[in-house]
Amino acid sequence: MRRSRLYFIGAVIEAARYFVFVRLASELLGVEPAASRGLLHAIAPQLLVACGLAALSHDPVRYDPLRPFLAVAKALSVATALIMMPGLASFPAVATGSGGAALALAGFGAIAVWDLAAASLLAFSRPASAPPDGRPGIAAGIMEEFETVPVDDAGTGGGSE
């Protein structure tokens, strides 16, 4: 089993991204993060990306099939941020023109840049190769375990009489 530090660092940043995103969104909405459970639940699926990156950091060969799904999740995060950016001007904290609003928008921009970088890394990185001990990946191991059994006329699957 080969561990990957790059995916572990990505998992830590992804977990921190969740809490920064909640804080920035609560500032824009003008509510405390603890008071808005709906906000916490709406953003919580992003923690699945952090869990997927943690799994990839643990064993990149075994969990390599997760990479395309994680890349799509990060690309959708970028698309969501681009769709929401024009609508941020209507929030109360931005409309008042406070300095905190510019900081919040810069924070959302940094999150969008991270999402774009993570999506491109996951989409364009090479698949993990088999470890040096010769252990096959999970998909090859599953296909080798299946065995075909001839079916007799009675449909019992065996030739015993």
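The values are calculated or read from the model by the stated rules, or taken from the named source; none is laboratory data. Because the structure is predicted, anything quoted here is derived from the model rather than measured. When we count neighbours, we look across all protein chains shown, and the Cβ atoms used for this are built from the backbone with ideal geometry, even at glycine.
Please identify the pairs in which a residue from the range 111-138 that is farther than 30 Å from Ala25 by Cβ has its Cβ atom under 6 Å from the Cβ atom of a residue that is crowded, with 16+ Cβ neighbours inside 10 Å and modelled with pLDDT of 80 or more, counting only partners at least 6 apart or on another chain.
From residues that are farther than 30 Å from Ala25 by Cβ, the pairs are Pro127/Asp64; Ala128/Pro60; Ala128/Val61; Ala128/Asp64; Pro131/Val61; Gly137/Val61; Ile138/Arg62.
Suppose we filter the range 17-44 for residues that are closer than 19 Å to Val113 by Cα, of a type outside the set (Phe, Trp, Tyr) and surrounded by fewer than 18 Cβ atoms within 10 Å (Cβ to Cβ); how many remain?
3
Those residues that are outside any loop (DSSP other than H, G, I, E, B) and either among the acidic types (Asp, Glu) or surrounded by fewer than 16 Cβ atoms within 10 Å (Cβ to Cβ) (or both), I need them from the range 56-70; list them, please.
Asp64, Pro65, Pro68, Phe69
Have a look at Leu48, Leu39, Leu24 and point out the one that is out of contact with any Phe, Trp or Tyr (no Cβ under 9 Å at 6 or more places or on another chain), within 24 Å of Leu122 (Cβ to Cβ) and either modelled with pLDDT of 75 or more or not in a loop (DSSP other than H, G, I, E, B) (or both).
So the residue among Leu48, Leu39, Leu24 that is out of contact with any Phe, Trp or Tyr (no Cβ under 9 Å at 6 or more places or on another chain), within 24 Å of Leu122 (Cβ to Cβ) and either modelled with pLDDT of 75 or more or not in a loop (DSSP other than H, G, I, E, B) (or both) is Leu48.
Yes/no per residue for (1) modelled with pLDDT of 85 or more; (2) under 17 Å from the mean Cα position of the chain (by Cα); (3) not aliphatic (A, V, I, L, M):
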{"position": "Asp64", "(1), (2), (3)": "yes, yes, yes"}
{"position": "Pro68", "(1), (2), (3)": "yes, yes, yes"}
{"position": "Val72", "(1), (2), (3)": "yes, yes, no"}
{"position": "Ala75", "(1), (2), (3)": "yes, yes, no"}
{"position": "Val78", "(1), (2), (3)": "no, yes, no"}
{"position": "Pro86", "(1), (2), (3)": "no, no, yes"}
{"position": "Phe91", "(1), (2), (3)": "no, no, yes"}
{"position": "Ala102", "(1), (2), (3)": "no, no, no"}
{"position": "Leu105", "(1), (2), (3)": "no, no, no"}
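What pairs can you find where one residue is in the range 47-71 and farther than 9 Å from Tyr7 by Cβ, the other is part of a loop (DSSP other than H, G, I, E, B) and not polar (S, T, N, Q), and their Cβ atoms are less than 6 Å apart, with a gap of 6+ or different chains?
From the range 47-71, the pairs are Asp59/Met1; Val61/Ala128; Val61/Pro131; Val61/Gly137; Asp64/Pro127; Asp64/Ala128.
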